[in-house]
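Please read the structure below before turning to the comments.
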Amino acid sequence: MMSSVRVECAVKAGALIGEGPVWEESEQTLLFVDIAGRKIHRWSPTTNQIQSVETGDNVGFAVPRRSGGYVAGVGRSIVAFDWSTQMMTSLAEVDEDKPNNRLNDGKVDPIGRLLAGTMGKEVRPAEVQRRQGSLFSVNPDLTVTTHLTQVDISNGMDWSLDQRTFFYIDSLSLTVDAFDYDSTSGHLGNRRVVYRMEEGEGLPDGMVVDGDGRLWVACYNGGRVINIDPATGVRMQTVSLPVMKTTSVCFGGPDLSHLYVTSASLGLDQSESRQQPLAGHTFRVLGLGVKGRPLNSFSG
Ligand code: BGC
Ligand code: CA
């Protein structure tokens, strides 16, 4: 059946780097961050209101916590925070030997373990001190395990439907990679390339796996989201957005059939900003004919 894909500007977020969208089913709200704007936002499609919390430092991601509230990656700290009191408590620190690093994308695995990565100092957007980042997991007992080092920009991640594959993006490698994943131990092995970015697609950034096991990858500087079949490495679909710095994706809406796409405005020059008045807002893609999967919450 042919579906007619439609893109609308859903949230007038006006973010410097809109990122990390997460759909909270119980609340029917979209949580996302503005990394450089140092804010966590929560938007309700019903009221079209945005509630915001200031984080005081760059915030790479925010996800719900099973025991209530959220966990976020602020600077180099994994913090727990309570929306109503706005109280933040540090749960763990990473990269203590690299004060210029910061946390970037993070996501919770099917058993409730949090994976989060770091990156070195960014001179300009996407121009970073190379190989300074790492990929960590924060386990339910709050111990931290290092999985990868020498990462440039640790970015999108998600798991296959059977949980045995971890998909991962180090943006400057210009590839989407896969690892074998042992969800009991959290061990990663057997890294391989699933997809190599083509000319014009920009840098791979945030990513989500849909209910059919396919990948949706936001293309930073590519103004699009691409849909990859990880079994074949074939790009199945391209969705164009009216902004170049598309940063991340998640499924949401009443039946998880809408794809939300965040974007950035930081790094656009004056003429680019004029051409992309919607840069920094969050978009909604309708009519894709696929659904997302429910979100995992951090169990620590
Ligand atoms: C990072 C940005 C970076 C961009 C492009 C984002 O996830 O947070 O700082 O410029 O990816 O790789
Ligand atoms: Ca990102």
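What to note about this one:
- When the pairs Lys39/Lys98; Lys12/Lys245; Lys39/Lys107; Lys121/Lys245 are compared against a 26 Å limit on Cα-Cα distance, every pair falls at or below it.
- In order along segment 170-176, phi translates into HN-Hα couplings of 9, 3, 6, 6, 6, 9, 9 Hz, rounded to whole numbers, per the Karplus curve 6.51 cos²θ - 1.76 cosθ + 1.60 with θ = phi - 60° and x for Gly and Pro.
- Gain in span if fully extended, Arg6 to Leu286, counting 0.36 nm per residue against the direct Cα distance: 100.3 nm
- Prolate/oblate/rounded label for segment 1-126 (Cα gyration tensor, a/c 1.5): prolate
- Calculated accessible area for the chain comes out at 42 Å² per residue, all protein chains present (probe 1.4 Å; ligands, DNA, RNA ignored).
- Built amide H within the under 5 Å cut-off of Asp105, gap 5+: Gly117
- P(r) weight above 33 Å for the chain, C-alpha pairs, percent: 13
- Projecting label points 7 angstrom from Cα along Cα→Cβ for Thr146 and Val234 puts them 4.1 nm apart.
- Remark: spin-label model distance Ser160-Thr47 equals 4.3 nm, labels positioned 7 Å along the Cα→Cβ axis.
- GNM remark for the chain: springs join alpha carbons under 10 Å apart, and the peak mean-square fluctuation among Asp95, Asp152, Asp82 falls on Asp82.
- Spatial offset of segment 120-154 relative to segment 1-30 amounts to 26 Å, using the alpha carbon center of each.
- Residues whose amide H comes within less than 5 Å of that of Ser248, counting only those at least five positions distant or on another chain, are Gly206, Thr262 (H built at 1.01 Å from N in the peptide plane).
- The label-point distance for Ile111 and Arg196, in a model that sets each label 7 Å from Cα toward Cβ, rounds to 3.5 nm.
- GNM on the chain, alpha-carbon springs under 10 angstrom: the most fluctuating residue among Asp158, Asp229, Asp34 is Asp229.
- Portion, in percent, of the accessible area of segment 6-286 that falls on carbon or sulfur, probe 1.4 Å: 45
- Springs join every pair of Cα atoms under 10 Å in this Gaussian network model of the chain, and among Val208, Val285, Val63 the largest mean-square fluctuation is at Val285.
- At the residue level, His187 shows approximately 120 square angstrom of accessible surface with a 1.4 angstrom probe and all protein chains present.
- Long-range amide H partners of Leu241 with built H, under 5 Å: Arg224, Val225
The values are calculated or read from the model by the stated rules, or taken from the named source; none is laboratory data. Here the structure is a predicted model, which is why all the values come from computation and not from measurement. As a convention, Cβ positions derive from the backbone with ideal geometry for all residues, glycine included, and neighbour counts pool all protein chains shown. The accessibility values were calculated without ligands, DNA or RNA, using every heavy atom of the protein model including side chains. Shrake-Rupley method; radii C 1.70, N 1.55, O 1.52, S 1.80 Å.
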